[in-house]
Amino acid sequence: MRVLGMISGTSHDGIDIAVVDFTADGGKLAGRIEYSASVPYDPGLRGRLIAALPPGRPGFEAACELDTSIGQAFAQAAAGALAAPGGQAELICSHGQTVFHWVEQGHARGTLQIGQPAWIAEATGLPVISDVRTADVAAGGEGAPLVPILDRMLLEPYRAAGVRAGALNLGGISNVTVCAPGAEPVAWDIGPANALIDAVVTADPATPDTFDRDGALAASGTVIPALLAELLAEPYYAAPPPKSSGKELFHLGYVRQAVARAGVTAGLADLVATLTELTAVTVAGAVSGAGVRVLVAAGGGVRNPVLMRRIAELLPGVEVLTTDRLGVPADTKEAVAFALIGWATAHGLTGNVPSCTGAAGPRVLGRITPAPDGRLPQAERLAAWPAALSITGLAGPGDAR
Ligand SMILES: Nc1ncnc2c1ncn2[C@@H]1O[C@H](COP(=O)(O)OP(=O)(O)O)[C@@H](O)[C@H]1O
Ligand SMILES: [Mg+2]
């Protein structure tokens, strides 16, 4: 079954797409990545989205407009993929765009992903699975992270060899899935990966970029120790996992307050150097605290050489690599994970990992929007998950980054 997975993450930089051809054969599920692409959001839409995200308080009118426009953007991106060589699929699984993750007293009460799937079904003629987080929240879980269903399978060879391994994602937020021999996987959000760097670069009127391309600013700046210490005093880092976080906490105003409390004046390069070091220190602390020996990284942050070098330097004795070495291009891992979750739902299989989300049990995820002609996902119900997954294939020609 060929499934197109799509997501725009917390960096809301654009829509990541992967088409994976899954073949289940007895105890083994083989996935071949046939196509991958990243389609940037139109700057106008991205601007309206940013204005609506916390600490913004949009009304229903803005929410309706964004749900529609983001649904249309996902629809266009999916239609583009389907028309490209290797992009054909029979089912779409769209994560959409998270606009609010409602956390109270350290626990998720609700979560909202928008990007109306009816537009995707209409534009592609395919059934669409969407809204993949809420079933986990309804079962008492955090609704996040969901990528561990893929991480667990990717790291299985290490676990089987007795090696404690971690899958690190450096998106807007950094998160890690730890798989150890003889234990259920655990996963949690570590802290900001690129969210704060992106926020300060975007806010600086002198730079047209929205992120620190190739770590150039961080490389030219100097870490400000007083500011780093102020940022590291954030209580979230010391809280025990499982825990989830997001831009509700880590946003531009948060940096400005820390700068004020530290009593420093920081130019952009020094600010970015400090925030990059914050990400490296918090990631290294989480990884070494978990006793991880092999760290497999993915997400846009792997393209920041300053960040990757500092993470490796702070983790002597830990092998640091990217998911590319395991067959999954680092930019594509989350889209592959949602293709896998779509495949699971179509086959009546559960998609959350309760030890990672805190849910009361495994749940089949998402809602199904029929194709415009009424077709539902065409798959037989499977009794149990295949025990092993292998993923092969490379990024497609459509990578727009
Ligand atoms: N060439 C690059 N150099 C530095 N940072 C990059 C580069 N490419 C992407 N990034 C960072 O990765 C982020 C996007 O990562 P992504 O994995 O898509 O995150 P999310 O899942 O939160 O959308 C960008 O906002 C940017 O901060
Ligand atoms: Mg992204």
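Since every read-out is calculated from the coordinates, none of them should be taken as a lab result. Keep in mind the model is a prediction, meaning the values are calculated, not measured. Cβ placement follows ideal geometry from the backbone for every residue including glycine, while neighbour counts extend to all protein chains displayed.
Once you sort the root eigenvalues of the Cα gyration tensor of the range 341-395 as a ≥ b ≥ c, which label holds: rounded (a/c under 1.5), prolate (a/b larger than b/c) or oblate (the other case)?
oblate
If you line up the long axis of helix 333-346 against the longest principal axis of the chain, both from Cα atoms, how many degrees apart are they, to the nearest 10?
30
Taking Cα centroids, how far is the range 86-130 from the range 161-177 in Å?
After rounding, the separation between the Cα centres reads 24 Å.
Between the range 242-274 and the range 282-299, what is the C-alpha centre distance in whole Å?
After rounding, the separation between the Cα centres reads 22 Å.
Please compute the Kirkwood hydrodynamic radius over the chain, one decimal place, Å, based on all pairs of different Cα atoms.
In the chain this quantity evaluates to 21.1 Å.
What angle, in degrees between 0 and 90 and rounded to the nearest 10, separates the Cα long axis of helix 60-83 from the longest principal axis of the Cα atoms of the chain?
Taking Cα atoms only, the helix is inclined about 60 degrees.
Arranged by the count of other C-beta atoms within 10 angstrom, fewest first, what order do 64, 179, 93 take?
By the 10 Å Cβ count, ascending: 64, 179, 93.
Calculate the FRET efficiency for residue 309 and residue 261 from the Cβ-Cβ distance with a Förster distance of 30 Å, rounded to the nearest 0.05.
About 0.55, to the nearest 0.05.
For a footprinting-style exposure proxy, rank 45, 231 by other Cβ within 10 Å, fewest first.
45, 231
Between residue 206 and residue 102, with labels modelled 7 Å along Cα→Cβ, what's the label distance in nm to one decimal, could you check?
Calculated label separation equals 4.3 nm.
In whole angstrom, note down how far apart the Cα centers of the range 1-74 and the range 333-366 are.
Between the Cα centre of the range 1-74 and that of the range 333-366, the gap is 17 Å.
Shape call for the range 41-198 from the C-alpha gyration tensor, a ≥ b ≥ c root eigenvalues: rounded (a/c under 1.5), prolate (a/b greater than b/c) or oblate?
Taking the square roots of the gyration eigenvalues as a ≥ b ≥ c, the range 41-198 is oblate.
Over all alpha-carbon pairs of the range 9-92, lay out the pair-distance distribution in 10 Å bins, whole %, shortest bin first.
15, 38, 25, 16, 5
To the nearest µm²/s, what D does Stokes-Einstein give for the range 249-394 at 10 °C and 1.306 mPa s, using the Kirkwood radius over alpha carbon pairs as Rh?
My calculation gives 84 µm²/s for D.
Restricting things to alpha carbons, find the Rg to Rh ratio for the range 102-192 using the Kirkwood radius for Rh.
Ratio of gyration radius to Kirkwood radius for the range 102-192: 1.06.
Would you compute, from DSSP H runs of 4+ residues alone, the mean residue ellipticity of the chain at 222 nm, taking -39500 (n - 2.57) per run and dividing by the full residue count, rounded to the nearest 500?
-10500 deg cm²/dmol
Checking the cross-link filter: which lysines have an alpha carbon closer than 25 Å to that of residue 28, excluding same-chain neighbours under 8 positions apart?
Partners found: 333.
When the Kirkwood radius is taken over all Cα pairs of the range 126-176, what Stokes-Einstein diffusion coefficient follows at 4 °C and 1.567 mPa s, in µm²/s?
Here the translational diffusion coefficient equals 100 µm²/s.
Return the single residue from 135, 206, 335 with maximal mean-square fluctuation; model: Gaussian network over the chain, springs between Cα atoms under 10 Å.
Maximum fluctuation in the GNM of the chain, among the listed residues, is at 206.
Among DSSP beta bridges whose residues both lie in the chain, state the antiparallel percentage, nearest 5.
Of all bridge pairs located within the chain, approximately 60 percent are antiparallel.
What size of dipole, in debye to the nearest 20, comes out for the range 134-238 about its Cα centre when the only charges are +1 on Lys and Arg C-beta atoms and -1 on Asp and Glu C-beta atoms?
380
May I ask for the net charge around residue 152, where only other residues with Cβ less than 12 Å from the Cβ of residue 152 are counted and Lys, Arg are +1 while Asp, Glu are -1?
-2
Length gain on complete extension for the stretch residue 367 to residue 220, per 0.36 nm per residue less the alpha carbon to alpha carbon distance?
Extra length available between residue 367 and residue 220 comes to 48.2 nm.
Neighbour counts of other C-beta atoms within 10 Å: give me 46, 367 arranged from fewest to most.
By the 10 Å Cβ count, ascending, the order reads 367, 46.
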